[in-house]
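Engineer: Provided herewith is a single structure, encoded as structure tokens, for subsequent inquiry.
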Amino acid sequence: MTDYAKQILAGQFEAALAMLSDCVQKCPPEHWDGIIGKYPFWQVAYHTLCFTDLYLSPNEGVFQPGKFQPQGWRELDDEYPSRRFDQREIAEYLALCLQKLRTALAAETPASLQGESGFARRKFSRGELYIYTTRHIQHHAAQLSAYLRRLGPAFQDLQTLPWRATGWPGA
């Protein structure tokens, strides 16, 4: 049953990352700084990936900010990142998160999936943390997709093809 649960979690998580990837790839450079709510397009994508990266760690004590968090934990704690990230960097971060997902899920056991999330502010199981993070990615991918669709007809086909049939760069 655990293998099946891990397969389901991976499929839905990867689909959410594919939606985010589609938006990042299709954003015209002149709209990379377009405002979504009160944040630039790129920052919404960056925020999404920072917390994806964090929650794919076994727990908050193990998470080590990497090259995408030049100011360490401040990148996650502060409202605004220390610098702007370009499309290439966000695409690279997406690929890193996809690989981290695959590694993290492979290491999960029935006990770890049923155990605590490993994050003090997330009072649910590790298994539910995967679903929570998938929803977080979907929420922000939907914001980015809605922004792009408002740009006009060229963006009306976002996510119309099944991601597994068409593939995506991170796959």
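Engineer: How many residues does the stretch 15-30 hold that are under 10 Å from the mean Cα position of the chain (by Cα) and of a type in the set (S, T, N, Q)?
Structural biologist: Within the stretch 15-30, the subset under 10 Å from the mean Cα position of the chain (by Cα) is 16-21.
Okay, now just the ones that are also of a type in the set (S, T, N, Q), so 21.
So the answer is 1.
Engineer: What single numbered condition from (1) surrounded by fewer than 19 Cβ atoms within 10 Å (Cβ to Cβ); (2) in a helix (DSSP H, G or I) fails to hold for Ala16?
Structural biologist: Just one mismatch for Ala16, condition (1).
Each row is one residue, and each column tells you yes or no for (1) more than 16 Å from the chain's Cα centre (by Cα); (2) surrounded by 13 or more Cβ atoms within 10 Å (Cβ to Cβ); (3) not charged (D, E, K, R).
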residue	(1), (2), (3)
Gln43	no, yes, yes
Gln64	yes, no, yes
Asp78	yes, no, no
Arg83	yes, no, no
Lys100	no, yes, no
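Engineer: Just to verify a result, which residue in the stretch 102-137, among those that are β-branched (Val, Ile, Thr) and surrounded by 14 or more Cβ atoms within 10 Å (Cβ to Cβ), is nearest to the chain's Cα centre (by Cα)?
Structural biologist: Residues of the stretch 102-137 that are β-branched (Val, Ile, Thr), as a first pass: 103, 109, 131, 133-134, 137.
Next cut, surrounded by 14 or more Cβ atoms within 10 Å (Cβ to Cβ) only: 131, 133-134, 137.
Values: Ile131: 12, Thr133: 8, Thr134: 8, Ile137: 5 Å.
Per the criteria, the residue is Ile137.
Engineer: Regarding Thr52, is this residue crowded, with 18+ Cβ neighbours inside 10 Å and closer than 19 Å to Ser21 by Cβ?
Structural biologist: Details: crowded, with 18+ Cβ neighbours inside 10 Å: yes; closer than 19 Å to Ser21 by Cβ: yes.
For Thr52, the condition - crowded, with 18+ Cβ neighbours inside 10 Å and closer than 19 Å to Ser21 by Cβ - is met.
Engineer: For the stretch 132-169, how many residues meet the condition of being at pLDDT below 70 and closer than 18 Å to Ile8 by Cα?
Structural biologist: Applying the first criterion (at pLDDT below 70) to the stretch 132-169 yields 156-169.
Checking which are closer than 18 Å to Ile8 by Cα leaves us with 162-165, 167.
Residues flagged as at pLDDT below 70 and closer than 18 Å to Ile8 by Cα within the stretch 132-169 amount to 5.
Engineer: Let me ask something additional. Name, by its number, the condition in (1) over 13 Å from Leu98 (Cα atoms); (2) out of contact with any helix residue (DSSP H, G or I) (no Cβ under 6 Å at 6 or more places or on another chain); (3) in contact (Cβ under 8 Å) with a residue 12 or more places away in the chain that does not hold for Trp32.
Structural biologist: (2)
The values are calculated or read from the model by the stated rules, or taken from the named source; none is laboratory data. Here the structure is a predicted model, which means the values were calculated and not measured. Please note: Cβ atoms are built from the backbone with ideal geometry, for glycine as well, and neighbour counts cover all protein chains shown.
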